[in-house]
Amino acid sequence: MKITGKGPVNPFQIYHQQQQLKAKGKNGTSKGDILELSPEAQKVQELARQGMALPDIRQELVDRIKSQLEARVYHVSPRQLAESMWKHMREEK
């Protein structure tokens with residue numbers, strides 16, 4: 001069996017390379033990463049932030065439907081129900 005590789009590791013050379021990298025970072029010759037978003041991306045980010053602030057449940061709608069159900073006055077149009085079901089079935093395909 002033959003094993004090949006880079007050869008012996010010189011720890012002093014590795015240490016010296018690391019010290020050089022640290023020195024570059026301290027004296028400012030190395031620039032850090034900069035992220036700049038386009039105006040469109042900034043708008044998308046703001047809209048996403050606003051969307052996250054919205055409640056998951058529209059409580060006023062839930063309360064209104066609950067009260068209608070309790071009063072037995074909640075009515076769904078059969079036509080509207082059928083159209084919604086049809087639309088949902090078409091979207092699944």
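Every number here is computed from the coordinates shown, using simple stated rules; none is lab data. Values in this document were obtained by computation on a predicted structure and should not be read as measured data. Neighbour counts run over all protein chains shown; Cβ positions are idealised from the backbone, glycine included.
³J(HN,Hα) across the stretch 69-86 via Karplus (A = 6.51, B = -1.76, C = 1.60, θ = phi - 60°), whole Hz, x for Gly/Pro?
With coefficients 6.51, -1.76 and 1.60, one gets 5, 5, 7, 6, 10, 6, 9, 10, 5, x, 5, 5, 5, 5, 5, 5, 5, 4 Hz.
In the chain, what is the count of Lys pairs whose alpha carbons are under 28 Å apart, counting only pairs at least 8 residues apart or on separate chains?
So the count of such lysine pairs works out to 5.
Label LYS24 and SER38 with points 7 Å out from Cα along Cα→Cβ: what is the distance between them in nm?
3.1 nm
Out of ILE34, ILE14, ILE57, any idea which swings most in a Gaussian network model of the chain, alpha carbons joined below 10 Å?
ILE14
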